[in-house]
C-alpha cells in the first residue's frame, strides 16, 4: 500500500507533527510505504496560464521542473494526503502552485479508485473552508473522498496537554476513516452532483463543444457511452436525471457550436 503525503507548509512545524502522528497510527492498522513530498524542497514553477496543458496535453507544458515527477508519484499512490496550514484563509503558496499546475485534471480526471484525505491545521480560524476547498479539488480529480480533519494547533511551541489530547483523538478518528476507505473494495456510488457533472460534460463533448484533447481522453476511456466514469449501478431516479442532463448538455453544446460557426463566418 503506497501512501503519499503532499506537505504544503514551507517548514516542518505543527502540520508535519500531525502527519507524522497520522503515519504512525496508520501503520498500527497495516504497514505502508509512506512517502513525503515537501513542496518547498521541489522546483515547481508558477503556472503561466498558457493553456497548453488543457488544449494539447500536460506533456506539452513548457515549464521544465519537478512537476512531472510529482504527478507520477500521485498517480502511483493508493492513498494521497494533502496536508497544509491555513495561510491567509487558504493553502500556502507552495500547494496552490501545485494545484494550478494540475488544472488539466479538472478536465481529464484520473485518480479514480484512489483515496484522498486532507489534513489542515489552523492557529485560530480557516481550517473548515480550506478543508472544503481541498475536498472539492479531490472530488473533481476523481478521488475516493475521505472526510478530512481540521486541527487547532499553537502558533509556536508545543500544544498543551488538553490540546494534544484533542489532536490525538481527532487524528485517530481520521486515520480510521482513511484506512477503512483504503480497504473498501467497492467503488463509490456517484451522487447526483457527480453524475450530473459527468453526463453534462461528456454529452457536451459528444455534441462538438469543448476541447479536442478532452474529447479524445473521454473517448479513449469509453466514457462517451458509459453511465459514469466507472461501472456502477444507477437507480431509476438517477438514470432519469442522467438522461435529462444528457439532453440539456446536447442542446447547449449544439447551440455553442452553432454560435461559434456564426462568429467564424463573420470573422
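Taken together, the values in this text are just the output of simple stated rules run on the coordinates, not laboratory data. Bear in mind the structure is a predicted one, so any value in this text is a computation, not a measurement. A quick note on method: Cβ atoms are made from the backbone with ideal geometry, for glycine too, and the neighbour counts reach across all protein chains shown.
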_So if I take the centroid of the Cα atoms in the range 155-191 and the same for the range 67-107, what is the distance between those two points in Å?_
20
*Using DSSP, restrict attention to beta bridges with both residues in the range 1-158 and report what percent are antiparallel, rounded to the nearest 5.*
5
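For the residues 201, 237, 6, what sequence is obtained by ranking on other C-beta atoms within 10 Å, fewest first? Working shown, then result.
Working: 201 19, 237 9, 6 24.
Going from least to most buried by this count: 237, 201, 6.
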_Degrees between helix 192-206 axis and first principal axis of the chain (Cα, 0 to 90, nearest 10)_ = 40
*asked:* Suppose we keep just the alpha-carbon trace of the range 2-183; what are its Rg and Dmax in angstrom?
replied: 16.1, 54
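Among 73, 97, which comes first, second and so on when ranked by fewest other beta-carbon atoms within 10 Å?
Taking fewest neighbouring Cβ atoms as first place, the list is 73, 97.
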_Top of 39, 63, 145 by mean-square fluctuation, Gaussian network on the chain, Cα under 10 Å_ = 63
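So what is the calculated 222 nm ellipticity per residue for the chain, using -39500 (n - 2.57) for each DSSP H run with n of 4 or more, over all residues, to the nearest 500 deg cm²/dmol? Don't skip to the answer; put the middle values down first.
Working: 10 runs with 135 residues, N = 267.
Mean residue ellipticity at 222 nm (helix-derived): -16000 deg cm²/dmol.
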*Once the Cβ-Cβ distance between residue 219 and residue 55 is put in as r, and R0 is 25 Å, what FRET efficiency do you end up with, to the nearest 0.05?*
0.90
*What angle do you read, to the nearest 10 degrees and between 0 and 90, between the alpha-carbon axis of helix 236-266 and the longest principal axis of the chain?*
60
*Can you work out the PRE-style zone for residue 27? Point 7 Å along Cα to Cβ, and I want the residues of the range 1-20 with backbone N under 13 Å.*
3, 20
*Treating the angle as unsigned and between 0 and 90°, give the value, to the nearest 10°, between the Cα long axis of helix 127-141 and the longest Cα principal axis of the chain.*
40
_Over the chain, relative contact order from alpha-carbon pairs under 8 Å, at least 6 apart, %_ = 18
*asked:* Connecting C-alpha atoms closer than 10 Å in a GNM of the chain, tell me which of 163, 14, 94 has the biggest fluctuation.
replied: 163
*What ranking do 1, 95, 183, 196 get, fewest neighbouring Cβ atoms within 10 angstrom at the top?*
183, 1, 196, 95
*Take every DSSP beta bridge with both residues inside the chain and express the antiparallel ones as a percent of the total, to the nearest 5.*
5
*Of 235, 142, 208, which has the largest mean-square fluctuation in a 10 Å C-alpha GNM of the chain?*
235
